[in-house]
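The values are calculated or read from the model by the stated rules, or taken from the named source; none is laboratory data. Remember, it's a predicted structure, so these values are computed and weren't measured experimentally. Ideal geometry is used to build each Cβ from the backbone, glycine not excepted, and the neighbour counts take in all protein chains shown. Ligands, DNA and RNA are excluded from the accessible area calculation, which covers all protein heavy atoms including side chains. Shrake-Rupley method; radii C 1.70, N 1.55, O 1.52, S 1.80 Å.
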Amino acid sequence: MDKSLLSKTAAAMVARGKGVLAADESSGTCEKRFKSVGVECTEESRRTYRGLLFSTPGAEQYISGVILFDETVRQKTNDGVLFPEYLAKKGILPGIKVDKGALDLALCPGEKVTEGLDGLRGRLADYFKLGARFAKWRAVITIGEGIPSHACLYANAHALARYAALCQEASIVPMIEPEVLLDGSHTVERAEEATEAALRATYAAMAAHNVSLEHLILKTSMVVSGKECSRQATVDEVAERTIRVLKRTVPAAQPGIVFLSGGQTDVAATAHLNAMAAMKGLPWPLTFSFSRALQNPALKAWRGEAKNAAAAQKAFHHRAHMNGLAAQGKWKPELEKQAA
């Protein structure tokens, strides 16, 4: 465990005005997204698309790191350079998704637990050699009648803590992601309760497994109303409730917090981040680790056509820039109109 390397990595991940691009979609998720723009999902089309994002001129001004998928960490640029090496040369930290996905939790209908601990120590050693300096593990918490259950919260917290300890042992910064899904008709009050319960369980498990808080990054959901809820919380309410939960549960020793977009629209995710980052007296820096909310406009502009590469990169650069401003509380809606 190289503490100085862990400290340096964690600080760089949440550097002011920068955030993390989540480009770790599984082949199945990629297929859905590619299908929406009429692109065939092959290993080569995935390599081309991700290479287009990574090579966007100036992206390193706003992107501190990229979470890669196992396939991507082994792929190369058109010039034959491994993606992790290419990113590192640009000053962007290569990261890696290491979980094996969420599966049904036995005896807990409607709930999931993330698997992937078996063989993880060896995989982390391999990823470190390939250049990965941080990792990500996603847990899925669903809100519904009588759920999340105690069993679900603690099964996922336990897995997150064991993963985090193994990462730190390997000198890789663990990004822990207990995602509370926005699917459903639950109120924002229910979302706040579930998020607080998930984070309490997560940090209790971190303490039990001797995980160093100074070398840990939280990737968390924003406290938003369920997608089908008739009353959608305002931007200010989302910010207020989210920060209240984080202050109650996340130790100040942690280097920073990144947010997932979790199905929000591109601009809504940016507006929510901006409202939170503008708040005074926060004990940790806040920034983004978006997937769809960073990539959507680029994917729509690209559509699998080489001639659209420049337009796709421009769209990606714009979203990265907007979120870089939002992470400093400096974003304004009119900046979106100027770029349109």
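Within the group E189, E196, E179, which residue is among the charged types (D, E, K, R), in contact with a strand residue (DSSP E or B) (Cβ under 8 Å, 6 or more places away or on another chain), at pLDDT 95 or above and open to solvent by 10 Å² or more (accessible area, probe 1.4 Å)?
Of E189, E196, E179, the one residue that is among the charged types (D, E, K, R), in contact with a strand residue (DSSP E or B) (Cβ under 8 Å, 6 or more places away or on another chain), at pLDDT 95 or above and open to solvent by 10 Å² or more (accessible area, probe 1.4 Å) is E179.
Is it the case that G324 is closer than 22 Å to V14 by Cα, modelled with pLDDT of 95 or more and surrounded by 20 or more Cβ atoms within 10 Å (Cβ to Cβ)?
yes
Pull up the range 271-297, narrow it to residues that are without any contact (Cβ under 8 Å) to a residue 60 or more places away in the chain and of a type in the set (S, T, N, Q), then point me to the one that is surrounded by the fewest Cβ atoms within 10 Å (Cβ to Cβ).
N296
Any residue at all in the range 125-141 that's exposed (fewer than 15 other Cβ atoms within 10 Å of the Cβ) and farther than 28 Å from V14 by Cβ?
no
Of these, E240, E336, which one is open to solvent by less than 40 Å² (accessible area, probe 1.4 Å) and charged (D, E, K, R)?
Selected residue: E336, the only one of E240, E336 that is open to solvent by less than 40 Å² (accessible area, probe 1.4 Å) and charged (D, E, K, R).
Just the residues that are open to solvent by 30 Å² or more (accessible area, probe 1.4 Å) and in contact with a helix residue (DSSP H, G or I) (Cβ under 9 Å, 6 or more places away or on another chain), please, taken from the range 150-163.
H150, Y154, H158, R162
Among (1) farther than 24 Å from A198 by Cβ; (2) outside any loop (DSSP other than H, G, I, E, B); (3) of a type in the set (A, V, I, L, M, F, W, C), which single condition is W331 missing?
(2)
Keeping to the range 288-321, report how many residues are assigned to a helix (DSSP H, G or I) and in contact with a Ser or Thr (Cβ under 7 Å, 6 or more places away or on another chain).
5
Looking at V258, V245, which is the one that is open to solvent by less than 20 Å² (accessible area, probe 1.4 Å), in contact (Cβ under 8 Å) with a residue 24 or more places away in the chain and not in a helix (DSSP H, G or I)?
None of the other options fit; the residue is V258.
Go through (1) part of a loop (DSSP other than H, G, I, E, B); (2) surrounded by 16 or more Cβ atoms within 10 Å (Cβ to Cβ) for A268 and report which single condition fails.
(1)
How many residues does the range 213-237 contain that are within 28 Å of A135 (Cα to Cα) and open to solvent by 50 Å² or more (accessible area, probe 1.4 Å)?
So the count comes out to 1.
Restricting the range 42-74 to residues that are closer than 20 Å to K18 by Cβ and open to solvent by 20 Å² or more (accessible area, probe 1.4 Å), which is nearest to the chain's Cα centre (by Cα)?
Filtering the range 42-74 for residues that are closer than 20 Å to K18 by Cβ and open to solvent by 20 Å² or more (accessible area, probe 1.4 Å), the one nearest to the chain's Cα centre (by Cα) comes out as Y62.
Taking the range 145-154 as the search range and keeping residues that are at negative phi and not in a helix (DSSP H, G or I), which one is farthest from the chain's Cα centre (by Cα)?
E145
Among the numbered criteria (1) in contact (Cβ under 8 Å) with a residue 24 or more places away in the chain; (2) within 21 Å of K136 (Cβ to Cβ); (3) polar (S, T, N, Q), which single criterion is violated by T29?
The single condition T29 does not satisfy is (1).
Give the residues of the range 117-140 that are within 18 Å of the chain's Cα centre (by Cα) and assigned to a loop (DSSP other than H, G, I, E, B), sorted by residue number.
Scanning the range 117-140 gives A132, R133.
Regarding P84, is this residue within 16 Å of the chain's Cα centre (by Cα), open to solvent by less than 30 Å² (accessible area, probe 1.4 Å) and under 23 Å from L216 (Cβ atoms)?
Spelling it out, it is not the case that P84 is within 16 Å of the chain's Cα centre (by Cα), open to solvent by less than 30 Å² (accessible area, probe 1.4 Å) and under 23 Å from L216 (Cβ atoms).
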